[in-house]
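Have a look at the structure below, then the notes.
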Amino acid sequence: MIDRVKSTIPEELTASRENLDVDGFPEIEVKKNALWGKQTQRSLKNFNIGNQQFDKRFIDALVMIKHACAQVNCQHKLLTKEQCDAIMSSCDEILNGEHANQFPLSIWQTGSGTQTNMNVNEVICSLARTRIAESKRSTQSSQKKKVDIHPNDHINLSQSSNDVFPSAMHIVVAQQTQQALLPTIDLLINELFLKQIEFEKFHTVSRTHLMDALPVNAGALLFAYRDQLAAAKCAIHQSLDAVYQLAIGATAIGSGANAPQCFGPQVVALLAEYFQLPFKPNPNLYAAVSGEDALLRYSGALKQLASVLFKVANDVRLLGSGPRCGFNEWHLPANESGSSIMPGKVNPTQCEAMSMVCLQVFGNDLTVSLAAANGQLQLNTNRPVIIYNLLESIELLSDAMHSFTENCVCDLTINRTQIETNMRSNLSAITLLTNYLGYDVSAAIARKAELENMSLAEASEALGFYSQAEFNNLLNEQLKGYTGSP
């Protein structure tokens with residue numbers, strides 16, 4: 001056990017600093033009944049900015065790191081068993097949902113997250129002191145040597161905010177990805193597959209440049225969405241490989257100063273077991289504290305997912321537009337009234353909600369990109385805003401995909417009458433005959449049909465190529481051999 005010398009202010013210095021606390025800063029009164037200490041209280045005073053606070057799941061990740069660190073510090077005989085037990089039991093209380101109101105700090109604080117790290121240290125310390133005191137009273141051992149617990153010397157032992165905070169960021173991102181984001185991607189992909197099977201019975205008009213194009217199997221559109229979502233999911237999985245690498249053990253700058261040998265890997269092993277995720281030590285601890293490349297790449301994967309969802313939502317909105325004067329090929333479920341002034345109007349609200357979520361994710365990714373690029377020398381000092389934006393993006397995308405699946409895709413139907421009408425009017429169907437008629441003849445037929453508002457068969461007859469019956473027979477034969485399906 002290492003003997004720790006208590007810090008004191010020399011008497012002559014105290015005389016000239018009567019209003020300073022023991023740590024050299026102005027005295028401050030801690031809020032009554034608060035479990036936090038003076039560092040947290042000063043942060044509440046100095047960073048009264050906005051109302052955005054850290055997600056409880058992120059606080060829990062920090063607390064679990066403290067739990068694991070206490071256990072490893074005890075193994076290295078840097079903490080007594082009594083200290084370790086008190087710290088771990090206090091962490092368990094917080095992880096069980098108690099004391100949630102003891103973590104009030106704004107995300108707009110120091111870029112290393114030191115204030116929140118100390119908030120966690122101080123709360124755990126207060127709880128641990130209470131546990132030790134209660135234990136002594138129950139065992140009538142008050143005369144024994146006092147067991148000291150200090151937020152920096154014991155709760156933060158062998159650690160720095162610079163390795164604890166990014167480790168918690170990686171943990172909570174990986175956890176929420178596995179628990180929330182990936183399952184909702186699968187939910188949407190599975191529902192699109194069921195809808196694809198249902199729609200494969202029909203052919204409709206494809207559009208390129210928003211103009212009529214070749215006939216396409218209606219299920220092929222959904223097949224394309226599924227594949228794009230699967231690619232985005234794969235990008236997220238690939239980005240997680242680096243997210244699973246934790247900075248703990250790096251301490252302040254990556255050198256591991258003030259931490260015992262093998263401390264980081266031992267803590268990571270405990271965290272991997274607790275969260276049942278493949279966490280591992282970052283192979284370059286200097287890079288782990290100075291940059292956030294892993295979460296930057298992860299944010300890019302979220303942006304890819306948002307881009308796909310944005311396209312899907314806009315396509316569904318276009319194909320459902322109408323009901324009389326739009327595309328009107330897909331019937332979107334009518335979940336609520338669409339207008340406060342136009343009776344009977346129903347709007348594509350799920351598509352619009354999804355689009356707005358995607359726009360927010362695009363903005364969050366830009367913030368993450370700029371924040372990741374603005375670290376200097378041995379530390380990235382924008383970490384609170386990075387994790388805040390990432391967790392918001394994960395939550396918004398997960399919720400929006402679930403809502404879009406349940407309230408739109410599940411009850412999506414084909415307007416068979418409209419797509420049959422469109423198929424009969426589709427001039428680009430002539431493309432199926434170009435190998436037989438030649439490009440120039442096909443173009444002449446399509447052009448005349450468009451200019452004189454004729455069917456392709458009528459235009460063919462008017463130009464003297466084929467009678468309407470002959471042309472229709474040729475086109476039907478080609479359609480029989482053309483599925484346009486996935």
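The values are calculated or read from the model by the stated rules, or taken from the named source; none is laboratory data. From a predicted model like this one, the values you see are computed outputs, not experimental measurements. Note that each Cβ is placed from the backbone with ideal geometry, even for glycine, and that neighbours are counted across all protein chains shown.
The table below lists the values:
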quantity: Condition met for Asn435 (at pLDDT 95 or above, farther than 14 Å from Val216 by Cα and surrounded by fewer than 19 Cβ atoms within 10 Å (Cβ to Cβ)); calculated: no
quantity: Qualifying residue in the stretch 330-351 (condition: in a helix (DSSP H, G or I) and of a type in the set (Gly, Ala, Ser)); calculated: no
quantity: Extreme residue, nearest to Ser161 (Cα to Cα), among residues of the stretch 357-379 that are surrounded by 14 or more Cβ atoms within 10 Å (Cβ to Cβ) and hydrophobic (A, V, I, L, M, F, W, C); calculated: Leu379
quantity: Filtered residues of the stretch 273-316 (kept if buried (at least 17 other Cβ atoms within 10 Å of the Cβ), among the small types (Gly, Ala, Ser) and within 23 Å of Ser161 (Cα to Cα)); calculated: Ala288, Ser290, Gly291, Ala294, Ser299
quantity: Residue check, Ser337 among the hydroxyl-bearing types (Ser, Thr, Tyr) and either buried (at least 16 other Cβ atoms within 10 Å of the Cβ) or under 25 Å from Ala235 (Cα atoms) (or both); calculated: no
quantity: Hits in the stretch 82-115 - residues which are among the β-branched types (Val, Ile, Thr) and without any contact (Cβ under 8 Å) to a residue 60 or more places away in the chain; calculated: Ile94, Thr114
quantity: Any hit, the stretch 105-116, residues being at negative phi, touching a strand residue (DSSP E or B) at 6+ places or on another chain (Cβ under 9 Å) and among the aliphatic types (A, V, I, L, M); calculated: yes
quantity: Conditions (1) at pLDDT 95 or above; (2) under 37 Å from the mean Cα position of the chain (by Cα); (3) among the basic types (Lys, Arg); number of the one not met by Lys77; calculated: (2)
quantity: Residues (buried (at least 17 other Cβ atoms within 10 Å of the Cβ) and outside any loop (DSSP other than H, G, I, E, B)) located in the stretch 318-329; calculated: Leu319
quantity: Among the candidates Val63, Val30, Val123, residue that is crowded, with 24+ Cβ neighbours inside 10 Å and either under 28 Å from Thr177 (Cβ atoms) or more than 23 Å from the chain's Cα centre (by Cα) (or both); calculated: Val123
quantity: Scan of the stretch 448-462 for residues that are among the acidic types (Asp, Glu) and over 14 Å from Ser428 (Cβ atoms), ordered by number; calculated: Glu452, Glu458, Glu461
quantity: Index of the failed condition, Gln179 passing every other in (1) surrounded by fewer than 22 Cβ atoms within 10 Å (Cβ to Cβ); (2) under 28 Å from Gly326 (Cβ atoms); calculated: (2)
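Residues are listed down the side, and each one gets a yes or a no for (1) surrounded by 15 or more Cβ atoms within 10 Å (Cβ to Cβ); (2) touching a strand residue (DSSP E or B) at 6+ places or on another chain (Cβ under 8 Å):
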{"residue": "Phe199", "(1), (2)": "yes, yes"}
{"residue": "His209", "(1), (2)": "no, no"}
{"residue": "Gly219", "(1), (2)": "yes, no"}
{"residue": "Ala230", "(1), (2)": "no, no"}
{"residue": "Gly249", "(1), (2)": "yes, yes"}
{"residue": "Ile253", "(1), (2)": "yes, yes"}
